[in-house]
Amino acid sequence: MILIADSGSTKAEWVILSEEEGPETVFTSGINPFYQDSGQIVPQLQREFTSAQKKYDAIYFYGAGCLNQEKGEIVKEALLQFFETPRIFVGSDLLGAARSLCQEQPGIACILGTGSNSCYYNGSEIISHVSPLGFILGDEGSGAVLGKKLISDILKNQLPSRVIRSFFERYQTTAAEILEHVYKQPFPSRYLAGYTRFLSANIDIPEIENIVITGFHDFIKRNLMQYTQVHLLPVNFTGSIAFHFKSQLRKAFEEQKLILGKTEQSPVSGLIRYHQSRGSI
């Protein structure tokens, strides 16, 4: 019996796999060692991991913020404390995306969720990687950056008045409350990404669609164009933003004359196939 987890900054999906029973899925809040230490992760798991099963033959955890050994050890220590399992692999969410989307074939793999990321994967490991830099300095095309752009345009009156009225009617908030969440509360990227629901609900408004397509052009220009293989291979995506704004992503790719490959909401099904093919289960 094994446990496979994919965690972004907003949510984590855990799938329990055994040879005897069908898969069991558990959802928790996201785990990110850039914002949390082991002492914060363990109580979160105690509150939110609802399965009675705690002992596994192996755990494969792919998570945001796990790009180096130091950050990965924070997550591994928490998992060791919570689960009765000594065999634990912790890798980046980007490696999880690459394994899910490309399996054991070369390809370009990307994440567009709360954050964004990309890499060239040779079929076994990540060879080239452009640092995403987080939502303040980078994360182009991500939910956090699209939400940030929307909020900025709302508060600076850069959108039609009817759109601004609709926003405040829907969320019943104020500029002061928004600034409090962004600058003083934890997980500002998660908060900002929540406003992509407004973008999705109003995507037929040209100014709103332009925010999304421009964000995707920025992702292409500042990230994908740095891979020499980008014009030779399909570019594959996983993540809620790529999935829900697939039409706008396709428009941006067509304008840049790039090939859009797979677009999956979650990498978990692909990770299951990957580990099954390697005999992990």
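Using the Cα centre as the reference, give the magnitude of the dipole from point charges on the C-beta atoms of region 1-113 (Lys, Arg: +1; Asp, Glu: -1; all else neutral), rounded to the nearest 20 debye. All intermediate terms of the calculation are to be shown ahead of the outcome.
Details: 8 positive and 15 negative charges, 51 e Å.
Magnitude of the dipole: close to 240 debye.
Rank the residues ASP153, ASP6 as a footprinting-exposure proxy: fewest other Cβ atoms within 10 Å of their Cβ go first.
With the sparsest Cβ surroundings first, the list reads ASP153, ASP6.
Starting from the Cα-Cα distance between ILE136 and LYS55, subtract it from 0.36 nm times their residue separation and give me the gain in nm to one decimal.
25.3 nm
Pairwise Cα distances in region 1-130 exceed 17 Å for 57 percent of all pairs.
I want the local charge near ARG197. Using Cβ-Cβ distances under 14 Å, sum +1 for each Lys or Arg and -1 for each Asp or Glu among the other residues. Present the calculation step by step, with values, prior to reporting the outcome.
Numbers: positive: ARG170, ARG190; negative: none.
So the environment of ARG197 carries a net charge of +2.
Approximating the spin labels as points 7 Å out from Cα along Cα→Cβ, the MET1-to-GLN158 distance works out to 5.2 nm. Counted as membrane-span-like here are DSSP H helices of the chain whose alpha-carbon atoms extend 27 Å or more along the helix's own axis and whose Kyte-Doolittle mean is 0.0 or above; there are none.
Each residue in TYR191, TYR62, TYR120, TYR183 was given a count of other beta-carbon atoms within 10 angstrom of its own, and listing them fewest first yields TYR183, TYR191, TYR120, TYR62.
Remark: region 113-121, residue by residue, has Karplus-estimated 3J(HN,Hα) of x, 4, x, 9, 6, 7, 6, 9, 10 Hz, where x stands for each Gly or Pro and the curve is 6.51 cos²θ - 1.76 cosθ + 1.60 at θ = phi - 60°.
From the Cα gyration tensor of region 1-53, with a ≥ b ≥ c the square roots of its eigenvalues, which class applies: rounded if a/c is under 1.5, or else prolate if a/b is larger than b/c, or else oblate? List each step's numbers first, then the result.
On the way: a/c = 2.57, a/b = 1.99, b/c = 1.29.
Since a/c reaches 1.5 and a/b is larger than b/c, the shape of region 1-53 is classed as prolate.
If you take the square roots of the eigenvalues of the alpha-carbon gyration tensor of the chain and sort them as a ≥ b ≥ c, do you get rounded (a/c under 1.5), prolate (a/b over b/c) or oblate? Verdict is oblate for the chain.
What FRET efficiency would be calculated for the residue pair THR25, ARG273, taking the C-beta separation as r and a Förster radius of 22 Å, to the nearest 0.05? Mind showing how you got there, number by number?
Working: r = 16 Å, r/R0 = 0.71.
Step by step, r from the Cβ atoms, then E = 0.90.
Efficiency by 1/(1 + (r/R0)^6): what FRET value for GLU48 and GLU84, r their Cβ-Cβ distance, R0 = 22 Å, to the nearest 0.05? Can you show the working numbers first?
Working: r = 18 Å, r/R0 = 0.81.
The formula returns an efficiency of 0.75 here.
GNM remark for the chain: springs join alpha carbons under 10 Å apart, and the peak mean-square fluctuation among GLY91, GLY113, GLY39 falls on GLY39. Taken over the chain, lysine pairs spaced eight or more positions apart, or on distinct chains, with alpha carbons under 17 Å apart number 9. Ordering LEU224, LEU260 from the fewest to the most neighbouring beta carbons within 10 Å gives LEU260, LEU224.
Close amide H partners of LEU260, meaning residues 5 or more places away or on another chain with modelled amide H under 5 Å apart, are VAL235.
How big is D, in µm² s⁻¹, for region 108-157 by Stokes-Einstein at 20 °C and 1.002 mPa s if Rh is the Kirkwood radius over C-alpha pairs? The Stokes-Einstein estimate is 180 µm²/s.
Extension gain for ASP204-LYS246 works out to 13.7 nm (0.36 nm per residue, less the C-alpha to C-alpha distance).
Each pair of Cα atoms in region 191-281 enters the Kirkwood radius, and Stokes-Einstein at 4 °C and 1.567 mPa s then converts it into a translational diffusion coefficient of 88 µm²/s.
Quick note: the coordinates plus some simple rules give every number you see, no bench work behind them. This one's a predicted model, so the numbers in the text were calculated from it and none came from an experiment. Don't worry about glycine lacking a Cβ; one is built from the backbone with ideal geometry, like all the others, and counts go over all protein chains shown.
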